[in-house]
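Heads up, the thing below is written out as structure tokens.
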Amino acid sequence: MNLQQLLKNISKPMSIPNMIINKITTNSKSADKNDLFIAIKGYSFNGHDFINQAIKAGAVCIIGEEDLQELSVPYIRVPDSRLALAEIASEFYGNPAKDKKIIGITGTNGKTTTAYMIKHILEDSGHTCAMFGSVNTIINGETYPSLNTTPDALSLQKHLAISKDEFVIMEVSSHGIAQGRIHGIEFDFGLFTNLDHDHLDYHHTMEDYFLTKAKMFEALKDHGYAIINNYNEWGAKLSSILPSRNFSLITLGNKESDALKINKITPGFSEISYKGCNLPLQLTILGQHNTYNAAMAFLTASQIGVPIQQIMKSLRTFSGVPGRFELFKRSNGTTIVVDYAHTAEAFSNCLTTAKIEGAEKVFHVFGFRGDRDSSKRNKMITVSKKLADEIILTFDDLNGVPSAAMLQELNELNEGQVISDRTLAIQYAIEKAAEKDWVIITGKGNERYRLDFSLPVSSDRETVEYVLQKEGKRVLEKEHLKLRNLLK
Ligand SMILES: CC(=O)N[C@H]1[C@@H](OP(=O)(O)OP(=O)(O)OC[C@H]2O[C@@H](n3ccc(=O)[nH]c3=O)[C@H](O)[C@@H]2O)O[C@H](CO)[C@@H](O)[C@@H]1O[C@H](C)C(=O)N[C@@H](C)C(=O)N[C@H](CCC(=O)O)C(=O)O
Ligand SMILES: Nc1ncnc2c1ncn2[C@@H]1O[C@H](COP(=O)(O)OP(=O)(O)OP(=O)(O)O)[C@@H](O)[C@H]1O
């Protein structure tokens, strides 16, 4: 693509050389002949330090924010490289967002689940959907792994360009907003699920975290919809500060002005009221939090025009999300749950659900993610202590934190058992649980392990299956032995 055309919104044409660009890259390692390299100041590295490397590899033009002289190729200085990247990437891929119906979902918890629910409902009624989120990326029916919850601007624009889907359902993380990954994208729907203490290593205060999330709503299209969970105090705050613009504000909550109200939540069955009717909301997945996610999905699908009866039918057949309240049954009756909860509120929802469902004793296996907001850990422990009967602390991803330091932190908490090997911690909890007990394993969800553990498995699901299988074999062997003794 012609560089002058590509940078028409970034710089004066006079200062842009007339040349053809092969591709855009932000990583010197993937720079090649005739590429445009955009230098980004990141958290681990400063892309400006790799400019010479990119030039050596063949980059013919550089964009960056630092005052640099005497580069051997043209250098265009911009105020913010990340924003420039988003604008240039959009131009490179033909401004693909403009023809798309985009549903952006933000909030601390529930983005993935709500996204999956909306996708299921829309596809059930004949629509096609792309989905960009933390579990995976789905475009034109093909599934790809996701690196980030919200893709970087270059990947995002490329995904949009490739997608022929009618709707794009996108999880929008606060990191994604703060780093300008969604810059330039306008949303038809903006959903806010909730806000809970998380990512304060990055945002420092809840207020800043909230205001970052709130920015997504500045990018709503005229005649778009803001769908907000007012049951959450931050949701109610967002509804109250949204400027009166030409979009519809649709809320769930308890007030007269809320469009959808949750009348009651009981296991497997909830009741909502919408447009003056009380409607049963039946879900096959457990967790009272999922009723809120379903209500958000309901409101979205309803605005899109899916008939109410159809929405409720689709929600009844929604089978869940990998690693979100995923249930397993042990032969003796113990219930085991693998869940992605990693905030106090999510802990509370999961552990309360187990109690509501009749758990006699709850064993809670979890750890703390290394190099991530450590200020939320006390709250997580407090909730677990209150709602679980036995805590088994173990390792989550260490992200570079030395294992001895994490082990020391877990030991110093002096709460329950510490079994650093995650697979053995899970095995311990399962083996200790009785018939009517529940084992709740939180933090990793569907993610693969990044550490090596003792059992030959690579995720919580595989650990549970491995332990149950081994146990099943032992039971069979015992019965076999009994039979042989009887026949003697
Ligand atoms: C802390 C953080 O947010 N990091 C994200 C950020 O990376 P970064 O800009 O800091 O990159 P960096 O590694 O410092 O490098 C800076 C620049 O130097 C370049 N470089 C670097 C080395 C080299 O040899 N040559 C070179 O050119 C890099 O390509 C980059 O352009 O921008 C990258 C591109 O968008 C992201 O992939 C990366 O996410 C990392 C993987 C990450 O873990 N992010 C988490 C915190 C995150 O963003 N999570 C949210 C979800 C959170 C949630 O809701 O739970 C998400 O949206 O995924
Ligand atoms: N509406 C909700 N309110 C509170 N907790 C929830 C809600 N929905 C899900 N959770 C909890 O949060 C966990 C993560 O759910 P989900 O993946 O849907 O959220 P997410 O916002 O995509 O999370 P992340 O950004 O960390 O990927 C679940 O496993 C569950 O424990």
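Being assigned to a loop (DSSP other than H, G, I, E, B), surrounded by 15 or more Cβ atoms within 10 Å (Cβ to Cβ) and not basic (Lys, Arg): is that true of residue 11 here?
Working: assigned to a loop (DSSP other than H, G, I, E, B): yes; surrounded by 15 or more Cβ atoms within 10 Å (Cβ to Cβ): yes; not basic (Lys, Arg): yes.
Against the criterion (assigned to a loop (DSSP other than H, G, I, E, B), surrounded by 15 or more Cβ atoms within 10 Å (Cβ to Cβ) and not basic (Lys, Arg)), residue 11 qualifies.
Here the helices (runs of 4 or more DSSP H) wholly within the stretch 370-488 that include at least 3 residues being in contact with a helix residue (DSSP H, G or I) (Cβ under 8 Å, 6 or more places away or on another chain) are 377-387, 422-432, 460-487. Scanning the stretch 186-207 for residues that are more than 14 Å from residue 101 (Cβ to Cβ) and outside any loop (DSSP other than H, G, I, E, B), we see that the one that is nearest to ligand 2 (Cβ to nearest atom) is 192. In the set (1) within 16 Å of ligand 1 (Cβ to nearest atom); (2) out of contact with any helix residue (DSSP H, G or I) (no Cβ under 6 Å at 6 or more places or on another chain); (3) among the small types (Gly, Ala, Ser), the condition left unmet by residue 358 is number (1). Within the stretch 16-31, the residues that satisfy the criterion of being within 33 Å of the chain's Cα centre (by Cα) and over 17 Å from residue 49 (Cα atoms) are 22, 23, 24.
The set of residues in the stretch 107-123 that are among the hydroxyl-bearing types (Ser, Thr, Tyr) and not in a helix (DSSP H, G or I) contains only 108. The residues of the stretch 181-211 that are within 20 Å of residue 374 (Cβ to Cβ) and either within 16 Å of the chain's Cα centre (by Cα) or crowded, with 24+ Cβ neighbours inside 10 Å (or both), listed by number, are 195, 196, 197, 198, 199, 209. Of the strands (runs of 3 or more DSSP E) lying entirely inside the stretch 217-306, those carrying at least 2 residues that are within 29 Å of residue 97 (Cβ to Cβ) are 220-229, 248-252.
So which residues in the stretch 307-326 are assigned to a loop (DSSP other than H, G, I, E, B) and farther than 21 Å from residue 102 by Cβ? Show your work before the answer.
We begin by selecting, within the stretch 307-326, every residue assigned to a loop (DSSP other than H, G, I, E, B); these are 307, 317-325.
Result: 307, 317, 318, 319, 320, 322, 323, 324, 325.
Every condition in (1) farther than 18 Å from residue 199 by Cβ; (2) crowded, with 19+ Cβ neighbours inside 10 Å; (3) not β-branched (Val, Ile, Thr) is met by residue 407 except one, and the failing one is (2). Among the numbered conditions (1) surrounded by fewer than 22 Cβ atoms within 10 Å (Cβ to Cβ); (2) touching a residue at least 12 places away in the same chain (Cβ under 8 Å), the only one that residue 271 does not meet is (2). Scanning the stretch 428-479 for residues that are under 25 Å from residue 370 (Cα atoms), loosely packed, with under 13 Cβ neighbours inside 10 Å and either in contact with a strand residue (DSSP E or B) (Cβ under 7 Å, 6 or more places away or on another chain) or not assigned by TED's automatic domain parsing to the domain that holds residue 346 (or both) returns no hits.
Scanning the stretch 135-146 for residues that are part of a loop (DSSP other than H, G, I, E, B) and out of contact with any helix residue (DSSP H, G or I) (no Cβ under 8 Å at 6 or more places or on another chain) returns 136, 141, 145, 146.
Considering the stretch 149-185 alone, what residues qualify as being near ligand 1 (Cβ under 7 Å from one of its atoms), out of contact with any Phe, Trp or Tyr (no Cβ under 9 Å at 6 or more places or on another chain) and in a loop (DSSP other than H, G, I, E, B)? Please lay out each step first, then the result.
First, pick out the residues of the stretch 149-185 that are near ligand 1 (Cβ under 7 Å from one of its atoms): 149-150, 152, 173-176, 179, 181.
Pick out the ones that are also out of contact with any Phe, Trp or Tyr (no Cβ under 9 Å at 6 or more places or on another chain) and you get 152, 173, 176, 179, 181.
Residues satisfying the conditions are 152, 173, 179, 181.
Taking each residue of the stretch 400-413 that is under 11 Å from residue 368 (Cα atoms) and looking for partners that are among the aromatic types (Phe, Trp, Tyr) and part of a helix (DSSP H, G or I) with beta-carbon atoms closer than 7 Å, six or more apart or interchain, yields nothing.
Just name the residue that is farthest from residue 459 (Cα to Cα) out of those in the stretch 386-401 that are within 26 Å of the chain's Cα centre (by Cα) and surrounded by fewer than 17 Cβ atoms within 10 Å (Cβ to Cβ). Only one residue fits best here, namely 400.
Take the stretch 142-162 and flag every residue that is of a type in the set (Gly, Ala, Ser), in contact with a strand residue (DSSP E or B) (Cβ under 9 Å, 6 or more places away or on another chain) and more than 16 Å from ligand 2 (Cβ to nearest atom).
Within the stretch 142-162, the first condition is being of a type in the set (Gly, Ala, Ser), and the residues that meet it are 146, 153, 155, 161.
Retained after the next criterion (residues that are in contact with a strand residue (DSSP E or B) (Cβ under 9 Å, 6 or more places away or on another chain)): 146, 155.
Matches in the stretch 142-162: 155 only.
If you check 92, 132, which single one turns out to be farther than 15 Å from residue 290 by Cβ and surrounded by fewer than 22 Cβ atoms within 10 Å (Cβ to Cβ)?
Values: 132 fails: surrounded by fewer than 22 Cβ atoms within 10 Å (Cβ to Cβ).
None of the other options fit; the residue is 92.
For residues that are surrounded by fewer than 19 Cβ atoms within 10 Å (Cβ to Cβ) and in contact with a strand residue (DSSP E or B) (Cβ under 8 Å, 6 or more places away or on another chain), tally how many sit in the stretch 39-54. It would help to see each step written out before you state the result.
Applying the first criterion (surrounded by fewer than 19 Cβ atoms within 10 Å (Cβ to Cβ)) to the stretch 39-54 yields 41-46, 48-49, 52-53.
From what's left, in contact with a strand residue (DSSP E or B) (Cβ under 8 Å, 6 or more places away or on another chain): 48.
Here the count works out to 1.
The numbered conditions (1) away from ligand 1 (no atom under 13 Å from the Cβ); (2) touching a residue at least 60 places away in the same chain (Cβ under 8 Å); (3) over 19 Å from residue 288 (Cα atoms) are all true for residue 118 except (3). Of the residues contained in the stretch 32-50, none is found to be under 25 Å from the mean Cα position of the chain (by Cα) and within 16 Å of ligand 2 (Cβ to nearest atom).
Remark: pairs (first residue in the stretch 140-158, under 17 Å from residue 40 (Cβ atoms); second residue within 16 Å of ligand 2 (Cβ to nearest atom) and acidic (Asp, Glu); Cβ separation under 8 Å; 6+ apart in sequence or on different chains) = 150/171.
The values are calculated or read from the model by the stated rules, or taken from the named source; none is laboratory data. This one's a predicted model, so the numbers in the text were calculated from it and none came from an experiment. Glycine gets a Cβ as well: all are built from the backbone with ideal geometry, and neighbour counts include every protein chain shown.
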